[in-house]
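Okay, structure first, notes after.
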Amino acid sequence: MTTPTIRTTHVGSLPRSDRLRELLTTDERVDEAAFEEAVSASVRDVVRRQAEVGIDVANDGEQSRIAYSVDVTNRLSGFSEGTVERAWPSDLDDFPEYARDLLGDTENIGGPVATGPIEYVGADDLERDLARFEEATATEGVSVPERFHTAPSPGAVLRFTETEYHDSPEAYVFDLADALATEYERIAETGATLQIDAPDLLAGFTLTYKDDSVAAFRERVRTHVEALNRAVANVPDEQIRLHGCWGNYAGPHHRDVALSDVIAEFYEADVGGLVVEGANPRHQHEYRTFEEHPLPDGWRLIPGVIDVKTNVVEHPEVVADRIERFAEAVGDPGRIVAGADCGFETVVEGANAVHPAIAWKKLEALVAGADLAEARFG
């Protein structure tokens, strides 16, 4: 038997350049040429650095986005600026002093609000996003074995926006699904793996639906997965990986829903892989879920084996241990791709915990740990 190859990847967002971060957060009108120059330069940098580190399945680092979840509304009709009601996650309700220190006042903020029919109108912007990765590999003279590109799930967009147009959350999420299908299909046409970011399927329990029982939340997850399946109907399952997480913030997370409580609904998704947390102190036990609830045939598992909420750099032995636990739970090391718990800079102005320089050191540890695990399996 040959030794299984343990490939490496991450969740999507990587640290942006100081210049790009400044342009993304300024209130002043930004010159389009200057913005494009800054984005392209930053994409070239993150693509080159991923290749140098040894990441097998790489992306553009989401450099052009101010936030992973609502950037897509710029490519959808029917949205305008309004007031989005947002409260603290329920775990932070128990620690209000810490919550204010971490997030400040998060209620009633400006944001995208649906006020009319939603249609996909951002084909040109998407094409520019997709082109930058290929341009970067050519300019930097590097190659990576595989490429992925991220897009939010219909439920993720719902979670961070509001609607004044739809009669119900169900009508809204399926309307979003119909519009987002265009983006999903175009990403897949490039040959890239489509990663759908769906924090609504886990983190929604402590935020958007914080008053739900587990049973009620499970029904919401089922609805959101149905909407997702409608959106990816024309994309091959094996080309999609679904990313679920409990929220990329350094909270106590003691009220997170258990993965085992909703894993059956996850398994109804028409995808070929699952990206899930497995490195942080709250969720290192989640490998056991896959012992009790076997991964569907043909699926691959991309567990987080480095934590993105701490600046402690994992030892490669620790990373290898985590990979081994998930491999044993799944029963086949060849179905494991080693990843990160979440993104390193999911929101430009947010509670990103890891310093940009340390983020790259953590990715080095990820690759070293995967190499070590691969040697152990051999």
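The values are calculated or read from the model by the stated rules, or taken from the named source; none is laboratory data. All figures in this text were calculated on a predicted structure; none of them were measured in a lab. Note that we place each Cβ from the backbone using ideal geometry, even for glycine, and neighbour counts take in every protein chain shown. Please note that ligands, DNA and RNA were not included when accessible areas were found on the heavy atoms of the full protein model with its side chains. Shrake-Rupley method; radii C 1.70, N 1.55, O 1.52, S 1.80 Å.
Things to note:
- Taken over segment 54-69, the criterion of being open to solvent by less than 30 Å² (accessible area, probe 1.4 Å) and either under 14 Å from the mean Cα position of the chain (by Cα) or of a type in the set (V, I, T) (or both) is satisfied by I55, V57, A58, N59, D60, G61, E62, Q63, R65, A67, S69.
- Within segment 71-86, considering residues that are of a type in the set (D, E, K, R) and exposed (fewer than 13 other Cβ atoms within 10 Å of the Cβ), the one farthest from the chain's Cα centre (by Cα): E81
- Failed item, numbered, when D101 is tested on (1) part of a helix (DSSP H, G or I); (2) over 30 Å from H254 (Cβ atoms); (3) open to solvent by 20 Å² or more (accessible area, probe 1.4 Å): (2)
- Of all the residues in segment 202-215, those that are of a type in the set (A, V, I, L, M, F, W, C) and either open to solvent by 50 Å² or more (accessible area, probe 1.4 Å) or farther than 16 Å from R159 by Cβ (or both) number 2.
- Residues of segment 352-371 satisfying the condition of being more than 15 Å from the chain's Cα centre (by Cα) and either at positive phi or part of a loop (DSSP other than H, G, I, E, B) (or both): A353, V354, H355
- Out of V43, V113, sole residue that is open to solvent by less than 10 Å² (accessible area, probe 1.4 Å), farther than 30 Å from P252 by Cβ and more than 20 Å from the chain's Cα centre (by Cα): V113
- A198 vs. criteria of a type in the set (G, A, S), crowded, with 24+ Cβ neighbours inside 10 Å and within 27 Å of E85 (Cα to Cα): yes
- Qualifying residue in segment 228-250 (condition: open to solvent by less than 20 Å² (accessible area, probe 1.4 Å), of a type in the set (G, A, S) and modelled with pLDDT under 95): yes
- Unmet criterion (only one of (1) out of contact with any Asp or Glu (no Cβ under 7 Å at 6 or more places or on another chain); (2) under 24 Å from T26 (Cα atoms); (3) hydrophobic (A, V, I, L, M, F, W, C)) for W88: (2)
- Given (1) more than 30 Å from L23 (Cβ to Cβ); (2) surrounded by fewer than 20 Cβ atoms within 10 Å (Cβ to Cβ); (3) in contact (Cβ under 8 Å) with a residue 24 or more places away in the chain, number of the condition I336 does not satisfy: (2)
- Residue match in segment 11-18 (condition: open to solvent by less than 40 Å² (accessible area, probe 1.4 Å) and assigned to a helix (DSSP H, G or I)): no
- Qualifying residue in segment 158-171 (condition: out of contact with any helix residue (DSSP H, G or I) (no Cβ under 6 Å at 6 or more places or on another chain), under 21 Å from D56 (Cβ atoms), part of a loop (DSSP other than H, G, I, E, B) and without any contact (Cβ under 8 Å) to a residue 24 or more places away in the chain): no
- Candidate set from segment 251-266 (those that are part of a loop (DSSP other than H, G, I, E, B), out of contact with any Ser or Thr (no Cβ under 7 Å at 6 or more places or on another chain) and in contact (Cβ under 8 Å) with a residue 60 or more places away in the chain); member that is surrounded by the most Cβ atoms within 10 Å (Cβ to Cβ): G251
- L301 vs. criteria open to solvent by less than 30 Å² (accessible area, probe 1.4 Å), over 25 Å from R255 (Cα atoms) and either in contact with a strand residue (DSSP E or B) (Cβ under 9 Å, 6 or more places away or on another chain) or of a type in the set (D, E, K, R) (or both): no
- If you filter segment 132-150 down to residues that are part of a helix (DSSP H, G or I) and among the acidic types (D, E), you find that the one that is surrounded by the most Cβ atoms within 10 Å (Cβ to Cβ) is E140.
- Lone qualifier among E345, E349 - being in a loop (DSSP other than H, G, I, E, B), buried (at least 18 other Cβ atoms within 10 Å of the Cβ) and not aromatic (F, W, Y): E345
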